[in-house]
Structure formats: C-alpha cells, structure tokens
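Engineer: To start, I am sharing the structure in question, which I have written as structure tokens.
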Amino acid sequence: MSAAKRSEQATETERRQVVILDTIGELGKVYGIADLVFVGGSLVPKGGHNILEPAAHGKPVFVGPHMFNFKEVYALLSGRGVCFTVKNQSELGRQMNALLKDAEARGHVREEALKVIGENKGASGKSAQAAKQLLQME
C-alpha cells in the first residue's frame, strides 16, 4: 500500500491508500472517509487517544495494548466488537488487511459502533444531572 505522512504530502490531490495524520485538527475531517482507523499512542506505554470519535463515524478502531487513559471507553467498544487490540505493527497490518477484505464484517462493526454511540448519547448531561441531585441532598 502507498502511504504518506500528512505533513509530507506534496499536494492535496495526491492519492494515497494510507495517510498518517501527524498534523493537528484534521482527524474529524477524515474519519468519515476512512475505512479503518488506528488510534495512535497505544502501541507504547504512553496511552492512547480518544477512540469515541472514529466510533461515532461507524469505523472499526484499532489500538495497541496501552489504553490505560481511556479504560471505560476502551472496555465498552472492545466488548462490543468495535475496537480491536493489537500487540505490534505486524499484527496491526494483518488484522487490518483481514478486515479490509471482509465488507460484511466492516458493515457489522459500523452498525455496532453507531449503536453504542447512540445508546450513550447524552451521558454528560445525565452525569451532570446526577451530580446536581447529589449536591442538593447535602
């Protein structure tokens, strides 16, 4: 596959099969057109990034084993078959290739991802309401 870092692409129209976003503020623009998403920072003990964003676009999400800073979201999406954990870049390549070849499985992941997001919409408002009620009890 042809790949390029976003910061190094010569022109906006240059077509690549894989684009590595190493720039700020562009993730939201490209999740919608991606087939698969790898969320970085998670193959090393640094901690991953937000995996809700690609899931909200119905995308299969791949991460490394170091998602300690997003434990709850990681558990939710992994448990529903939306988030796939890999140990290294070789495993990432193998699992991504397998999913790219299986349109039916990608469709199932898309449906499940959108279901999970729909079921959890308004969570911030619900948490704020619960906190307000607790504070009023004191």
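Each value in this text was obtained by applying a stated rule to the coordinates, not by laboratory testing. These numbers come from a predicted model, not from an experiment. Cβ placement follows ideal geometry from the backbone for every residue including glycine, while neighbour counts extend to all protein chains displayed.
Engineer: For the range 19-99, what's the radius of gyration and Dmax over Cα atoms, in angstrom?
Structural biologist: 11.7, 30
Engineer: Measure off 7 Å from each Cα along the Cα-to-Cβ vector at S7 and R80, then give the distance between these two points in nanometres to one decimal.
Structural biologist: Spacing of the two 7 Å Cα→Cβ label points: 3.4 nm.
Engineer: Let me have the 222 nm mean residue ellipticity of the chain computed from DSSP H runs of 4+ only, each contributing -39500 (n - 2.57), with the sum over all residues rounded to the nearest 500.
Structural biologist: Rounded to the nearest 500, the figure is -13500 deg cm²/dmol.
Engineer: Given R₀ = 41 Å, FRET efficiency for V18-S127 by Cβ-Cβ distance, to 0.05?
Structural biologist: 0.65
Engineer: Mind checking the range 1-79 for GluC sites (Glu not before Pro) that DSSP puts in a loop (not H, G, I, E or B) and that have at most 15 other Cβ atoms within 10 Å?
Structural biologist: E12, E14, E26
Engineer: Give me the Kirkwood hydrodynamic radius of the chain, using the inverse of the mean 1/r over all pairs of distinct Cα atoms, in Å to one decimal.
Structural biologist: 16.4
Engineer: Right, another one. Going through the range 27-120, which trypsin sites (Lys or Arg not before Pro) have at most 10 other Cβ atoms within 10 Å and a DSSP loop state?
Structural biologist: Taking the range 27-120 and a limit of 10 other Cβ atoms within 10 Å, the loop trypsin sites (Lys or Arg not before Pro) found are K87, K101.
Engineer: Here is a further query. In whole percent, what relative contact order does the chain give with Cα contacts below 8 Å and a gap of six or more residues?
Structural biologist: So the answer I get is 18 percent.
Engineer: Next question. On a 0 to 90° scale, report how tilted helix 103-119 is relative to the longest principal axis of the chain, with both axes built from alpha carbons and the result rounded to the nearest 10.
Structural biologist: Roughly 30 degrees, rounded to the nearest 10.
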